[in-house]
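Read-outs throughout are calculated quantities, based only on the coordinates presented, and are distinct from any laboratory measurement. Since we're looking at a predicted model, the values are computed, not measured. Because the Cβ atoms are built from the backbone with ideal geometry, glycine has one as well, and the counts that use them run over all protein chains shown.
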Amino acid sequence: MSTATESAPFFPAAHRDRIVGHMNEDHADAVLNYVRHFGGLANATAARLDDLDRQGMSITAPLPGGDIPVRIAYPKPLDTAADAHHVLVEMAMTAAKAAPAAPSARKDDAFARAREAASALRENLKTVILGTVSKEGLPDASVAPAVLGADGAFYIYVSGLSLHTRNLADTGKASVFLIQDESAAKQLLARQRLTFPATATLVPREEPAFATHMSALKAKFGPVMEHLEGMVDFRMFRLEPSRGRLVSGFGQAYDVDPLDWNKLSHVNDTGHTPAHGHAPHKA
């Protein structure tokens, strides 16, 4: 006699859909390698995970002659639905080791997407998340209004009563952090973000640079900055960035030239290598 447990699907629908969506959106390269290595379609250029069950997974590979359905069995049937993560990771690692070097076109696409991410962060720049440290080594994180100067430096206007202002004056060190809005991110753990270590120097009010960048701040923030300009306890700092670090997705980290955010170099072409050999992130 069948029980409710025996008749239930191996993967609850929501769990299965989450794995399928995650693999297709964040690990399309692993799905393609499954088809090339385990499915025998070495010439496939794209693949889509359609379904998976206790025995294996169903993938579609679009080829010039039409879509090819591919059924790939796991090395052994899964004992529990939670085992899918470990098995998919191990199969991805096996397939990746056997895969040929990625075509230059795919690398070019990755760089193009990274440049788009950097450009979007630059265009949407209004405030920066500011990391500072005290003389005693105590860290602080805050937010500051900012404009980007023609010299590649960030110019911020901050209250002299704030802890970060004191830290900047005392140490001359800062970290500038820009990050994609949560509402625009497909995967919150892979939000596009850019960090620049920076050297901080005070911009005196009598220097031409103060008037130049205050004008830019007023154009960006409007009447509130007109009001803050007259508050004598506020100070302007120039944050001169050194080489930045852009993260445009999982395993996609780039060094960024602070004078030209389009100049990128990949930090690690092999992607993440956690201690247990995890390739795709948790499904």
Out of Gly131, Gly39, Tyr157 - ranked by how far each Cα lies towards the positive end of the dipole of the chain, with unit charges on the beta-carbon of charged residues - the top one is Gly39
Which translational diffusion coefficient, to the nearest whole µm²/s, is obtained for the range 124-167 from the Stokes-Einstein equation, given a Kirkwood hydrodynamic radius over C-alpha pairs, 25 °C and 0.890 mPa s? 218 µm²/s
Which links in Lys135/Lys186; Lys135/Lys263; Lys173/Lys263; Lys76/Lys186; Lys135/Lys218; Lys135/Lys220 stretch past 29 Å when you go from one Cα to the other? Lys135/Lys186; Lys135/Lys263; Lys76/Lys186; Lys135/Lys218; Lys135/Lys220
Dipole magnitude of the range 116-266 about its Cα centre, charges +1 at Lys/Arg Cβ and -1 at Asp/Glu Cβ only, in debye to the nearest 20? 240 debye
Straight-line reach check, Lys97, cutoff 18 Å on alpha carbons, 8 or more apart in-chain or any other chain, hits among aspartates and glutamates -> Asp29, Asp269
Among Leu228, Thr201, Ala185 - extreme Cα towards positive end, dipole of the range 116-266, charges at beta-carbon: Ala185
Dipole check, the range 4-100, charges on Cβ (K,R +1; D,E -1), about Cα centroid: among His85, Pro62, His27 the Cα furthest to the positive pole belongs to Pro62
From the phi angles alone, apply the Karplus equation (6.51, -1.76, 1.60; θ = phi - 60°) to the range 200-211 and give each ³J(HN,Hα) in whole Hz, x where the residue is Gly or Pro. 9, 9, 6, 10, x, 4, 7, 7, x, 4, 5, 4
Cα centroid of the range 106-141 to Cα centroid of the range 40-60, whole Å: 36 Å
Give the shape of the range 122-223 as rounded, prolate or oblate, defined through the alpha-carbon gyration tensor: a ≥ b ≥ c are the square roots of its eigenvalues, a/c under 1.5 means rounded, and otherwise the shape is prolate if a/b is larger than b/c and oblate if not. oblate
Ignoring GluC sites (Glu not before Pro) buried by more than 10 other Cβ within 10 Å or outside DSSP loops, the longest site-free run in the chain is 1-135
Multiply the residue separation of Lys186 and Asp79 by 0.36 nm, subtract the distance between their alpha-carbon atoms, and state the gained length in nm to one decimal. 35.4 nm
Using the alpha carbon gyration tensor of the range 4-100, what are the three equivalent-ellipsoid semi-axes (square root of 5 times each eigenvalue), largest first, in whole Å? 23, 14, 12
Place a +1 charge on the Cβ of each Lys and Arg in the chain and a -1 charge on the Cβ of each Asp and Glu, then give the dipole magnitude about the Cα centre in debye, rounded to the nearest 20. 240 debye
Between Glu226 and Leu202, 0.36 nm times their residue separation minus their Cα-Cα distance comes to what? 6.7 nm
Centre separation in Å (Cα based) which lies between the range 198-225 and the range 65-84: 59 Å
Computed from the coordinates I sent, Rg/Rh (Cα atoms, Kirkwood Rh) equals one of (i) 1.12; (ii) 0.97; (iii) 0.95. Tell me the label. (i)
Which residue fluctuates the most in the chain, going by a Gaussian network model with Cα springs under 10 Å, if the choices are Leu264, Leu121, Leu228? Leu228
Protection-proxy order for peptides 12-19, 127-134, each taking the mean of Cβ atoms within 10 Å per residue, highest first: 127-134, 12-19
